[in-house]
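First, the structure itself, so that you have it in front of you.
The values are calculated or read from the model by the stated rules, or taken from the named source; none is laboratory data. Fair warning: this is a prediction, and the values are worked out from it, not measured in the lab. For neighbour counting, all protein chains shown are included, and Cβ atoms are generated from backbone atoms with ideal geometry for every residue, glycine included.
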Amino acid sequence: MTGKRLCTQAELERMCITPAKQFETVLESKDIEAAKKKYIELEDAFFGLHIMYQNWIAFLQEFIYNNYGHEGLTNAVPIAEIIMQAVKFGMTIDEADKCSKSAKEEMSALINAGKIKEVKDLFKFLEKGWRDFHDIYNSWTTLLLSRIYRDLGGLEALEKCHRYAGGSHWMPWMEQDIQCDPKFRIQYWSMLMHGNLSEFTVEEDDEKFIMKMHVCGSCGRQIIDGYYSSPTNFAKVKEKGPATWCRDDCTVYQTHLTIIHGMMAIEKIGAPWPVITCNNGKGPEPCQILLYKDPKTAAAEYYEMVGKQKPKS
């Protein structure tokens, strides 16, 4: 697969267009079926991330219960903090109700009726709600990881919980993902990142696709928005080592990248998948996702970053 370009520059640029602009462009084409199809695609992308977080949260709570019992789980559930997040976003009951459910039938009916203003207004309302839900789920996940690190067992417990969730949820999906056609894979990951609310550009060289995040929709925005200071105070991991890219201020959220996408992926499938680098909210260089066309051609430095050695071919 290496040594061959798979996408034109125009194709790469189209992958980076924001969901709102994608939908607006299709609406302007007056192609009713294309507009309905595009809405379904975008809703599925956002809800796909919500479902991923819901699964992750469930596995984290299951890990806490299995290892620390009912009392451990009771003390770890961050209800007050989650309510605080909803209040911070100004989420209304109407938003919480409508944006947690599919609007495909309602949107389809409005598009069929040619009510374009109502279609645009509904999409704007939904996109705001999807973003709020994404950030609440993201915060919920990070609060649980922070409790595990701070209160239940430090870095050792944090790695165990990532391995528990990763083995149950991530690995089966990752084993399928690396088998996909590389061009399909970059298209899929582009939609995934739109669902993750990331702003990004995509480049291609002979070996890989490079997604540059401007800004990362998960821990990147957490850092920029001050979630690692009062009042939220998400945890940073102080121990330098493979789980923290040898940093002493790695965010607790980022450790799932080193452990699941790095260590576990190398152990299970023989390569980091995908290669992810984070700037930790500092410096001019963007966070990157490197999707190698052949995952096992990833550079040796990306194995070494998580304490592994690349197998000799």
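Please indicate, with yes or no, whether at least one residue in region 99-115 is buried (at least 20 other Cβ atoms within 10 Å of the Cβ), within 22 Å of the chain's Cα centre (by Cα) and part of a helix (DSSP H, G or I).
So in region 99-115, the residues buried (at least 20 other Cβ atoms within 10 Å of the Cβ) come out as 99, 107, 110-111.
Those still in the list that are within 22 Å of the chain's Cα centre (by Cα) too: 99.
Now narrow it down to the ones that are part of a helix (DSSP H, G or I): none.
Checked region 99-115: no residue is buried (at least 20 other Cβ atoms within 10 Å of the Cβ), within 22 Å of the chain's Cα centre (by Cα) and part of a helix (DSSP H, G or I).
Out of the residues in region 116-131 that are aliphatic (A, V, I, L, M) and within 17 Å of residue 31 (Cβ to Cβ), state the one that is surrounded by the fewest Cβ atoms within 10 Å (Cβ to Cβ). If you could, list the steps in order and put the result at the bottom.
Residues of region 116-131 that are aliphatic (A, V, I, L, M), as a first pass: 116, 119, 122, 126.
Now narrow it down to the ones that are within 17 Å of residue 31 (Cβ to Cβ): 116, 119.
Working: 116: 15, 119: 22.
Of everything passing the filter in region 116-131, 116 is surrounded by the fewest Cβ atoms within 10 Å (Cβ to Cβ).
Can you name the residue in region 40-68 that is out of contact with any Gly (no Cβ under 9 Å at 6 or more places or on another chain) and among the acidic types (Asp, Glu) and is also farthest from residue 119 (Cα to Cα) among such residues?
Here the answer is 62.
Also, I was wondering about something else. Suppose we keep only residues that are part of a helix (DSSP H, G or I), touching a residue at least 24 places away in the same chain (Cβ under 8 Å) and not acidic (Asp, Glu) within region 79-96. Which one would you say is surrounded by the most Cβ atoms within 10 Å (Cβ to Cβ)? Walk me through it before giving the result.
Filtering region 79-96 down to residues part of a helix (DSSP H, G or I) leaves 79-89, 93-96.
With the extra rule that they be touching a residue at least 24 places away in the same chain (Cβ under 8 Å), the set shrinks to 81-82, 84-86, 89, 95-96.
Those still in the list that are not acidic (Asp, Glu) too: 82, 84-86, 89, 96.
On the way: 82: 15, 84: 15, 85: 20, 86: 17, 89: 16, 96: 14.
Per the stated criteria, the residue is 85.
Looking at region 202-217 only, could you name the residues that are assigned to a strand (DSSP E or B) and either surrounded by 22 or more Cβ atoms within 10 Å (Cβ to Cβ) or among the aromatic types (Phe, Trp, Tyr) (or both)? Break it down into steps so the answer makes sense when it comes.
Residues of region 202-217 assigned to a strand (DSSP E or B): 202-204, 208-213.
202, 208, 209, 211, 213, listed by residue number.
Only one of 51, 40, 17, 64 is surrounded by fewer than 16 Cβ atoms within 10 Å (Cβ to Cβ), hydrophobic (A, V, I, L, M, F, W, C) and within 30 Å of residue 167 (Cβ to Cβ). Can you tell me which? Talk me through it step by step, then tell me what you get.
Numbers: 40 fails: within 30 Å of residue 167 (Cβ to Cβ); 17 fails: within 30 Å of residue 167 (Cβ to Cβ); 64 fails: surrounded by fewer than 16 Cβ atoms within 10 Å (Cβ to Cβ).
Just a single option satisfies the conditions, and that option is 51.
I'd like the full set of residues that are buried (at least 17 other Cβ atoms within 10 Å of the Cβ) and either assigned to a strand (DSSP E or B) or free of Cβ contacts under 8 Å to residues at least 40 places away in the same chain (or both), limited to region 229-243.
236, 237
Return yes when residue 124 is part of a helix (DSSP H, G or I), farther than 16 Å from residue 252 by Cα, without any contact (Cβ under 8 Å) to a residue 40 or more places away in the chain and among the basic types (Lys, Arg) and no when it is not.
When the stated conditions are applied, residue 124 does not pass them.
Might you let me know whether region 45-68 holds any residue that is in contact (Cβ under 8 Å) with a residue 60 or more places away in the chain, part of a helix (DSSP H, G or I), among the aromatic types (Phe, Trp, Tyr) and farther than 30 Å from residue 259 by Cβ?
No; the residues of region 45-68 include none that is in contact (Cβ under 8 Å) with a residue 60 or more places away in the chain, part of a helix (DSSP H, G or I), among the aromatic types (Phe, Trp, Tyr) and farther than 30 Å from residue 259 by Cβ.
Okay, moving on. The conditions are (1) over 25 Å from residue 46 (Cα atoms); (2) among the aromatic types (Phe, Trp, Tyr); (3) in contact with a strand residue (DSSP E or B) (Cβ under 6 Å, 6 or more places away or on another chain), and residue 303 fails exactly one of them. Which is it?
(3)
Give 220, 226 a once-over and let me know the one that is modelled with pLDDT under 95 and either in a helix (DSSP H, G or I) or closer than 27 Å to residue 186 by Cα (or both). Let's see the steps before the verdict.
Values: 226 fails: either in a helix (DSSP H, G or I) or closer than 27 Å to residue 186 by Cα (or both).
Exactly one of 220, 226 is modelled with pLDDT under 95 and either in a helix (DSSP H, G or I) or closer than 27 Å to residue 186 by Cα (or both), namely 220.
Still on this model: When the residues of region 23-37 are filtered to those that are free of Cβ contacts under 8 Å to residues at least 40 places away in the same chain and assigned to a helix (DSSP H, G or I), which remaining residue is surrounded by the most Cβ atoms within 10 Å (Cβ to Cβ)?
Initially, region 23-37 is screened for residues free of Cβ contacts under 8 Å to residues at least 40 places away in the same chain, giving 25-26, 28-31, 33-34, 37.
Applying the additional criterion that residues be assigned to a helix (DSSP H, G or I) yields 25-26, 28, 33-34, 37.
Working: 25: 14, 26: 21, 28: 10, 33: 10, 34: 14, 37: 12.
If we take residues in region 23-37 being free of Cβ contacts under 8 Å to residues at least 40 places away in the same chain and assigned to a helix (DSSP H, G or I), then 26 is surrounded by the most Cβ atoms within 10 Å (Cβ to Cβ).
Can you spot a residue in region 187-200 that is without any contact (Cβ under 8 Å) to a residue 60 or more places away in the chain and hydrophobic (A, V, I, L, M, F, W, C)?
Filtering region 187-200 down to residues without any contact (Cβ under 8 Å) to a residue 60 or more places away in the chain leaves 188, 198.
Restricting the remaining residues to those that are hydrophobic (A, V, I, L, M, F, W, C) gives none.
For region 187-200, residues without any contact (Cβ under 8 Å) to a residue 60 or more places away in the chain and hydrophobic (A, V, I, L, M, F, W, C): absent.
Residues are listed down the side, and each one gets a yes or a no for (1) at pLDDT below 95; (2) assigned to a loop (DSSP other than H, G, I, E, B); (3) surrounded by fewer than 23 Cβ atoms within 10 Å (Cβ to Cβ); (4) touching a Ser or Thr at 6+ places or on another chain (Cβ under 6 Å):
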{"residue": "265", "(1), (2), (3), (4)": "no, no, no, no"}
{"residue": "272", "(1), (2), (3), (4)": "no, yes, no, no"}
{"residue": "276", "(1), (2), (3), (4)": "yes, no, yes, no"}
{"residue": "284", "(1), (2), (3), (4)": "yes, yes, yes, no"}
{"residue": "289", "(1), (2), (3), (4)": "no, no, no, no"}
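Given 265, 300, 271, 235, which one is among the aliphatic types (A, V, I, L, M) and touching a Leu at 6+ places or on another chain (Cβ under 9 Å)? Before you say what the answer is, go through the steps one by one.
Working: 265 fails: touching a Leu at 6+ places or on another chain (Cβ under 9 Å); 300 fails: touching a Leu at 6+ places or on another chain (Cβ under 9 Å); 271 fails: touching a Leu at 6+ places or on another chain (Cβ under 9 Å).
Within the list 265, 300, 271, 235, the selection yields 235.
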